[in-house]
Amino acid sequence: MASTFFSVLPFVIGKRYLTTTESHLTLLKVICFAMLGYSILALWEVRMSPQLNRTIYGYFPHSFGQHIRADGFRPVVFFDHGLSLGLFLSMSLLSSITVWRFKRESDSNAALWIVSGIWLLLTLILAKTLAVLVVSLLLMPFAILLGVRGQLVLAAGLSAVVLLYPMLRGAGYIPTDSIYQIAADHDEARAQSLKYRLDNEDNLLERANLRPITGWGSWGRNHIYDDTTGRQVSVTDGMWIIIIGMFGWVGYSARFGLLTIPVMILALNRKKLDVSIVTSGLALVLALNLVDLLPNAALTPITWLLAGALAGRCVHQNDPVSSNLREDRTNLQRQGIDKLNQSDNGDSLAPAELRPVNLKQRRKRQ
């Protein structure tokens, strides 16, 4: 219970305090600045191998062999895995593009955000995280060219797929064979790794369907074990299969509903909520993170914070301070008109041309 509370706490903070366009812009800038600084350490590990965590904290957070790629290394720095670092680099890339689009008409230094985006893209390429790089390259044209409506529709569509992914996967609507064939054409070794993961997910999903409502709970009961030795023979990689196996559709809908439904609400109420390019760009950044939760398990506090910020935009439709000022100004205007039009005995004090008259009386006067 405590772990669930602390994991959702960033969502609550974002929903309460990050509800305006200005706060969304600040959030995107923070992600960019953080990863620009982090990129220096990442590039060092690309050349020298991922050693910073071992040097400073005395241990390596994962398998070192998984971070040897081609003729170099996949950086980790202080993340739990190089895949998580690649995800944050891609999120910062889309964030820099969004900030540039917002500032290009009013800020002469907006081109600096394009420079930072190019730097982050080069770092992401050198980080050798293929899956998230491909997704980033696919989303970049939409982040650059689409307007608010297009970005929200795209983000909502991706969010809907993530929310319904266990159902779509079980019904056979996800082309896993085609995905494997594409990977095999590129790299046979990675294709075999992908096939092993997909086969594991199919087996785990079959076991999850035995208890589809509330799942198997914790303590590894969602896994598959050898009947003879009792050893665990399944591996869980994607966050979706972990949640659906442990908590069933109740837990999956609760967690992924909080992450995805705010994006859909924004897409459906774009005009009513007066959504800006900053908020739609933030939704696209969150959608990228949600798609990554299918093959990986990078559900971080930042993910919850982004979802909470978008949920707060749905609930708090206007900036509270601006709304109060607008209401006060409207009330003062109404009071001034009432005093102008009415005297103490009810007679009008306004000149005849300023008094409210109906259309028929005005035509007769003319």
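The values are calculated or read from the model by the stated rules, or taken from the named source; none is laboratory data. Keep in mind that what you see is a predicted model, and the values were worked out from it rather than measured. Please note: Cβ atoms are built from the backbone with ideal geometry, for glycine as well, and neighbour counts cover all protein chains shown. Side chains are part of the model used for accessible areas, which takes the heavy atoms of the whole protein and leaves out ligands, DNA and RNA. Shrake-Rupley method; radii C 1.70, N 1.55, O 1.52, S 1.80 Å.
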- Task: State yes or no: is Met167 free of Cβ contacts under 8 Å to residues at least 60 places away in the same chain, open to solvent by 10 Å² or more (accessible area, probe 1.4 Å) and within 18 Å of the chain's Cα centre (by Cα)?
- Result: no
- Message: Please verify whether Leu121 is open to solvent by 10 Å² or more (accessible area, probe 1.4 Å), in a helix (DSSP H, G or I) and either over 22 Å from Pro295 (Cα atoms) or hydrophobic (A, V, I, L, M, F, W, C) (or both), treating the condition exactly as stated.
- Response: yes
- Message: For region 54-88, give me each residue that is farther than 23 Å from Ile31 by Cβ and in contact (Cβ under 8 Å) with a residue 24 or more places away in the chain.
- Response: Arg69, Ala70, Gly72, Phe73
- The residue from Val250, Val235 that alone is open to solvent by 50 Å² or more (accessible area, probe 1.4 Å) and modelled with pLDDT under 90 is Val235
- Residues that are at negative phi and either of a type in the set (Phe, Trp, Tyr) or not in a helix (DSSP H, G or I) (or both), drawn from region 30-49: Phe33, Tyr38, Trp44
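Check Met48, Met35 and return the single one that is modelled with pLDDT under 95 and aliphatic (A, V, I, L, M).
Values: Met35 fails: modelled with pLDDT under 95.
After ruling out the rest, the residue left standing is Met48.
Please specify each residue of region 50-70 satisfying the condition of being aliphatic (A, V, I, L, M), surrounded by fewer than 16 Cβ atoms within 10 Å (Cβ to Cβ) and part of a helix (DSSP H, G or I).
Within region 50-70, Ile56 is the sole residue that qualifies.
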